[in-house]
Amino acid sequence: MKSDKGFYAGIDSGGTKCEVLLADSQLRIISSGKYKSTHYSVAGARKFSNDVAQCILREMRKARRNLSDCIRICVGAAGAREGSDRNAISSALTSLTGVRTKVTTDAMTALAGSFGGGEGAILISGTGSVLYGLANGKLYRVGGWGRMIGDEGSGFWIGRRALNLISREYDEKKNGSGISVLSRSISKEFSINRSNINSHIFRKDFAIQSIAPVVLQSAANGCSLSKRIIDEAVDGLMWHIETFIRISRVKSQFELAFTGSIIENDNLLSKKLKNRIRKTGLMKVVKRMNSPAFGAVLIAAGKFRERKIL
C-alpha cells in the first residue's frame with residue numbers, strides 16, 4: 001500500500017527528448033524535467049527501458065520523492081506501434097522500477113493531454129505524421145504508417161521530397177544556372193551537392209528530417225521550389241483531417257490541436273494548413289490544454305481510457 005505521499009509518473013519519450021512529469025494523487029504537478037531521449041525503434045526494448053528508468057529516477061531524486069511511493073507509471077513511447085513492443089517495454093520497466101507501468105504510444109498521451117481526457121483530435125507532424133481523434137466515444141487513427149510508406153506532411157517527408165526535387169535539378173540544370181534557393185541552402189547547411197548527395201544520404205546515416213527547417217525557411221524567403229513542397233505537405237496533412245471528418249462523421253466545430261515541430265510553430269506551412277482547415281467549416285484549431293507528459297499522468301491515474309482504434 002502506497003503512503004499518502006503517493007504520486008504518478010507520466011513520461012513522454014520521443015526521438016529527441018524524454019519528458020518526465022510527477023503529479024500527486026490529486027493530479028497536481030510536483031516536478032517535471034526534460035532529458036536526452038533514446039528512440040525505441042533504434043534502441044530496442046531493453047536499452048530504451050533502462051534509459052527511461054534512469055530519467056524517472058533522476059526526476060524523483062530531484063523532487064525528493066521515493067520510488068516506493070509511486071502509484072503507477074505511464075510512458076508514451078515514440079515508435080512503439082505494436083502491442084508486442086509496448087508489452088516488452090512495460091515488462092522491462094516494471095521489472096526495473098518495481099512499479100506497475102503502462103506503455104502506450106506518444107500519440108495517445110498527446111491526445112489525452114491535449115483535451116484533458118475529453119474528446120477532440122490531434123494532428124502530429126514532427127519526424128513522422130499521424131492523426132488521432134476521439135469522437136462520439138470512438139477512437140480513430142489516420143496515417144502513422146511510417147516513413148517508408150506514409151507520414152505525409154511530416155519532417156521526414158518534407159526532407160525526402162526536397163532531396164528528390166534538388167536531385168532533379170542536378171539533371172535539369174547541369175550548367176548550374178537557375179539553381180533554386182533550396183538547393184543552394186541545402187548545400188550551404190549540409191555541404192550536399194551533386195557529387196556527394198548519395199554518400200551523404202546512404203552512407204552517413206543522415207537525418208533526412210533535418211532538412212525540413214531549411215525548406216520552411218527557404219519557402220519564407222520566396223523559393224518557389226520550397227513553396228511547392230510546403231503546398232504538397234499541406235495537402236498530405238489535410239488528407240489526414242478530411243479522412244477523419246469522413247469516417248468519424250464529426251459535427252461542426254470539432255476541436256483539433258497541433259503537435260510536433262513542423263506545425264506547432266508559426267511558419268508558412270502551419271499558416272496555410274490552418275487556413276485550409278478553417279475552410280472545412282467543421283474543425284477548429286485550438287491550443288493543447290496540457291502536455292503529452294501530463295496526458296501520460298492522466299492515463300496512469302485512470303482518467304483517460306484507451307479504446308480500440310478504428
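Annotation: peptides 58-68, 217-227, ranked by per-residue average of other Cβ atoms within 10 Å with the highest first, follow the order 217-227, 58-68. Take every pair of alpha-carbon atoms less than 8 Å apart whose residues are at least six positions apart; their mean separation over the length of segment 130-286 yields a relative contact order of 25 percent. Every helix of 4 or more DSSP H residues in the chain counts as -39500 (n - 2.57), and over all residues that averages to -14000 deg cm²/dmol at 222 nm. Taking other residues whose beta carbon is less than 13 angstrom from the beta carbon of residue 112, and scoring Lys, Arg as +1 and Asp, Glu as -1, yields +1. About its Cα centre, the dipole of segment 129-224 is roughly 100 debye, where the only charges are +1 on Lys and Arg Cβ and -1 on Asp and Glu Cβ. Within a straight-line Cα-Cα reach of under 19 Å, residue 5 can be paired with the following lysines, leaving aside sequence neighbours fewer than 8 residues apart in one chain: 62.
Extending 7 Å from the Cα toward the beta-carbon at both residue 164 and residue 27 defines two label points whose distance is 4.2 nm. Summarised as an ellipsoid, segment 1-147 has semi-axes of 25, 19, 13 Å, derived from the eigenvalues of the Cα gyration tensor scaled by 5 and square-rooted, with the largest first.
Divide the volume of the convex hull of the Cα atoms of segment 130-286 by its number of residues and quote the answer in cubic angstrom per residue.
115
Total lysine pairs in segment 130-286 at Cα distances under 13 Å, for residues eight or more apart or on different chains: 5. For residue 308, neighbours were defined as the other residues whose beta-carbon sits under 13 Å from its Cβ, and their charges (Lys and Arg +1, Asp and Glu -1) total +3. Projected onto planes of every orientation and averaged, the convex hull of the alpha-carbon atoms in the chain covers 16.9 nm².
A short reminder: the numbers here are calculations on the coordinates, not readings from a lab. The structure presented is a predicted model; accordingly, all values stated were derived computationally and were not measured. When we count neighbours, we look across all protein chains shown, and the Cβ atoms used for this are built from the backbone with ideal geometry, even at glycine.
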